[in-house]
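Notes follow the structure.
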Amino acid sequence: IVYGVKYYSVAENKGNTDIYLMKADGSEVTQLTKTPQSEWNLQWRPDGKRIAFLKATPDHGAQIFEMDVETKKLIQISSDVQSIDAFAYSPDQSKMLLVKQVQAHPTIADRYPDLDKSSGLIYNDLMYRHWDEWLTTIPHLFLANITDGKVSEKSIDLLNGEPYEAPMKPFGGLEQVNWSPNSQSIAYTSRKLVGKEYALSTNSDIYIYNLNSKQTTNVSKGMMGYDMNPVFSPDGNSLAWESMERNGYEADKIRLIVLNLTTGKSTDYTQNFDQNAQSLTWAADAKSIYFLSTQNACAQIYNLNLAQDTILQITKGVHDYVAVMPKANQLIGVRMSMSMPSEIFAIQKSGAEKQLSFINKDILDQLDMGAVQERWIKTSDGKEMLTWVILPPNFDSTKQYPTLLYCQGGPQSALSQFWSYRWNFQIMAANEYIIVAPNRRGLPGFGQAWNEQISGDYGGQNMNDYLSAIDALAKESYVDVNRLGCVGASYGGFSVYWLAGHHNKRFKAFIAHDGMFNLEAQYLETEELWFVNWDLGGPYWDKSNAIAQRSYANSPHKFVDQWDTPILIVQGEKDYRIVTSQALSAFNAALLRGIPAELLVFPDENHWVLQPQNGILWQRRFFRWLDKWVKQSSESELEQAYHADKSKGASLDAQKKESSKEQNTETQVSQ
């Protein structure tokens, strides 16, 4: 197994990925690279003799390199004039599929050659920016020959002249592209729309390009939602992909579709499976498909038996699997939990698991983790709701602890056993807070009806779910009802803003990160208009739309007159999903109302905080705010904590070269 380990340097404020190799039983771990620049897009060459990856070069950006596993000899096999975003070998190793950027429209220099230094951007239609970048280029798929082990500098654009993305922005990668086993076809994902239509639709499709005929066929035509991530069966007879049914609904149920390439018949094998099916991978005999699905807030491995049309859950336990692939008579997977970053596991067909990698063992062995409890709480409408409760290390039930209500984002993202380097429940618990994390309405893993209830009901039942959870825990003798806080990001930030106007003095402090504050402004400021059309019901000017009018009537900015509690507001200025004006409006409103408030802005971050020093600053201000207003710490206590933080920072800086023991890591894996 080859995998990447990302080491973070606080002093250099960046991460760096090195490559490791180990036998499939976890033995003979070897570090293959130790360089100042990352290697990424790891994969085995089809003959299994070399490992290939991308690496930055001085003149032409990222290029493809191969490393001989035995000799460790490194060879650059591409010399493209453009930087390569991703690549994939044809199974017969005769061709290479490349992902490269092409101009989305003429540049200023193209239009006005005498203004070659102008930074202006000109747009005449939606969608002119996406997530964290202005639209200037789009990814296309290019096909190149491999001759004498080198990738030809000449390549064919499979979407030549088409203004469409493949893979799709903002997050699409090689999972959206797949070679047929005979190397004669390429399946790829694309939403072949532009402008206003693109901004209003999620209707992507699966296309197959035939290398011999040079013809492209849409094999999911008529399927109106997201169709993504095609995977050919090992025998080449079938193509499976992930599919959503409804256009404009980005959180629709993810179905598992299989197309018989001989008959042309498509079958939905998840009609009676009330869960999502993601990360599809075929068994070697082409008779079954392994996939991941979240159920009761844990992501597990499942197997679809095609002949019997049955789905079997393989793994169980309080964890999340985030990747799975078959190897001989077992599976290789990547697993994490609220108490452990990603590690590599071997899984037997029986579900028995064996941990193979121990990337962060030296760090984790030094830490005491808090217990993660599963609680089922009755909601205001009589439903049972799973709520994670994370207790401080060395928890003492005779003591009383300050407690935080955590509000999940998405709004339809699973509150499962995830590990985060910012919203990390164990760090919160280690600071002697109990965390209450409810799987409120609008979260997947509890059936489609539970997941869909939130659409058009912002400020409705899911807010009651939050209050049901914190009120139930507040009855416990070890929860200090006079020291409650409420925190969240994205939709969780919206939740914080809304609860700030409706909490009836339950909470002593709020923290909102990249949250929606004014829903009317959000409708016109965001880029993915299908999202606000579906979730809010439509534009605020449509007075005949009852769902939309209810949504905007529940906008948090309409309840600022009821705000009475200190609030910390965090925002990334490169977040074009929920833009900075939302945070500034909320901050200004709080100050004008005379409410203690703090604004933490990251000019160079997007919807997440990704740079190490920014992440540490985020943590320090997060806990300083909570300690001040929830724990009600004195200024002298806050200063002591500040100096302790400085001491820790100096210690980390002095020991930065001890990276294997001192740096947090992320793991990528390729069999």
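Determine, yes or no, whether SER27 is at pLDDT below 95 and either of a type in the set (Ser, Thr, Tyr) or more than 22 Å from LEU159 (Cα to Cα) (or both). Answer is no for this residue. For region 190-301, the strands (runs of 3 or more DSSP E) that sit wholly inside it and include 1 or more residues that are over 20 Å from the mean Cα position of the chain (by Cα), of a type in the set (Ser, Thr, Tyr) and surrounded by fewer than 17 Cβ atoms within 10 Å (Cβ to Cβ) are 216-218, 266-268.
Taking the criterion of being among the aliphatic types (A, V, I, L, M) and open to solvent by 50 Å² or more (accessible area, probe 1.4 Å), the only residue of region 139-168 that qualifies is ILE156.
The number of residues in region 225-275 that are of a type in the set (A, V, I, L, M, F, W, C) and under 29 Å from GLN453 (Cβ atoms) comes to 8. Between PHE517, PHE510, the distinction of being within 16 Å of ALA590 (Cα to Cα), buried (at least 24 other Cβ atoms within 10 Å of the Cβ) and free of Cβ contacts under 8 Å to residues at least 60 places away in the same chain belongs to PHE510 only.
Scanning region 333-362 for residues that are touching a residue at least 24 places away in the same chain (Cβ under 8 Å) and under 15 Å from TRP419 (Cα atoms) gives VAL334, MET336, SER337, MET338, SER339, MET340, PRO341, SER342, GLU343, ILE344, ILE359, ASN360. Pairs meeting the criteria (first residue in region 252-279 and in contact (Cβ under 8 Å) with a residue 24 or more places away in the chain and over 20 Å from MET325 (Cα atoms), second residue in a loop (DSSP other than H, G, I, E, B) and among the aromatic types (Phe, Trp, Tyr), beta carbons under 8 Å, at least 6 apart or on different chains) are ASP252/TYR226.
Within region 165-221, being in contact with a strand residue (DSSP E or B) (Cβ under 8 Å, 6 or more places away or on another chain) and of a type in the set (Asp, Glu) holds for GLU165, GLU175, ASP205. Among the residues of region 339-351, some residue qualifies, meaning at least one is among the basic types (Lys, Arg), open to solvent by 20 Å² or more (accessible area, probe 1.4 Å) and under 24 Å from GLN275 (Cβ atoms). When region 523-535 is limited to residues that are part of a helix (DSSP H, G or I) and over 16 Å from ASP457 (Cα atoms), the one that is least open to solvent (accessible area, probe 1.4 Å) turns out to be TRP530. Taking (1) more than 30 Å from SER293 (Cα to Cα); (2) in contact with a strand residue (DSSP E or B) (Cβ under 9 Å, 6 or more places away or on another chain); (3) surrounded by 21 or more Cβ atoms within 10 Å (Cβ to Cβ); (4) not aromatic (Phe, Trp, Tyr) in turn, LYS475 satisfies each apart from (3).
Of the residues making up region 142-165, at least one is part of a loop (DSSP other than H, G, I, E, B) and in contact with a Ser or Thr (Cβ under 7 Å, 6 or more places away or on another chain).
Restricting region 179-189 to residues that are in a strand (DSSP E or B) and touching a residue at least 60 places away in the same chain (Cβ under 8 Å), the residue that is nearest to PRO234 (Cα to Cα) is TRP179. If you check ASP465, ASP471 for being farther than 26 Å from GLN549 by Cα, assigned to a helix (DSSP H, G or I) and of a type in the set (Asp, Glu), only one passes: ASP471. Scanning region 309-338 for residues that are open to solvent by 40 Å² or more (accessible area, probe 1.4 Å), among the aliphatic types (A, V, I, L, M), assigned to a strand (DSSP E or B) and under 30 Å from PRO392 (Cα atoms) yields one hit, VAL322. Among the residues of region 99-122, those that are aliphatic (A, V, I, L, M) and free of Cβ contacts under 8 Å to residues at least 12 places away in the same chain comprise ALA109, LEU115. Filtering region 341-367 to residues that are more than 24 Å from GLN31 (Cα to Cα) and of a type in the set (D, E, K, R) leaves LYS349, GLU353. Taken together, the criteria place LYS354 among residues that are basic (Lys, Arg) and modelled with pLDDT of 95 or more. Assess whether GLN448 counts as being out of contact with any helix residue (DSSP H, G or I) (no Cβ under 6 Å at 6 or more places or on another chain), surrounded by fewer than 22 Cβ atoms within 10 Å (Cβ to Cβ) and closer than 26 Å to ASN482 by Cα. Here the answer is no, as GLN448 does not meet what is asked. Applying the criterion of at least 3 residues that are open to solvent by less than 10 Å² (accessible area, probe 1.4 Å) and of a type in the set (A, V, I, L, M, F, W, C) to the strands (runs of 3 or more DSSP E) found wholly in region 353-427 leaves 384-390, 401-407. Residues in region 474-500 that are more than 24 Å from GLN549 (Cα to Cα) and either assigned to a helix (DSSP H, G or I) or touching a residue at least 40 places away in the same chain (Cβ under 8 Å) (or both): ALA474, SER477, TYR478, VAL479, ASP480, ARG483, LEU484, GLY485, CYS486, VAL487, GLY488, ALA489.
Among the residues of region 128-138, the one identified as within 20 Å of the chain's Cα centre (by Cα) and open to solvent by less than 20 Å² (accessible area, probe 1.4 Å) is HIS130.
The values are calculated or read from the model by the stated rules, or taken from the named source; none is laboratory data. If you're wondering where the values come from, they're calculated on a predicted model, not measured in any experiment. Methodologically, a virtual Cβ is constructed for each residue, glycine included, from the backbone with ideal geometry; neighbour enumeration extends over all protein chains shown. Accessible surface areas use protein heavy atoms only, side chains included; no ligands, DNA or RNA. Shrake-Rupley method; radii C 1.70, N 1.55, O 1.52, S 1.80 Å.
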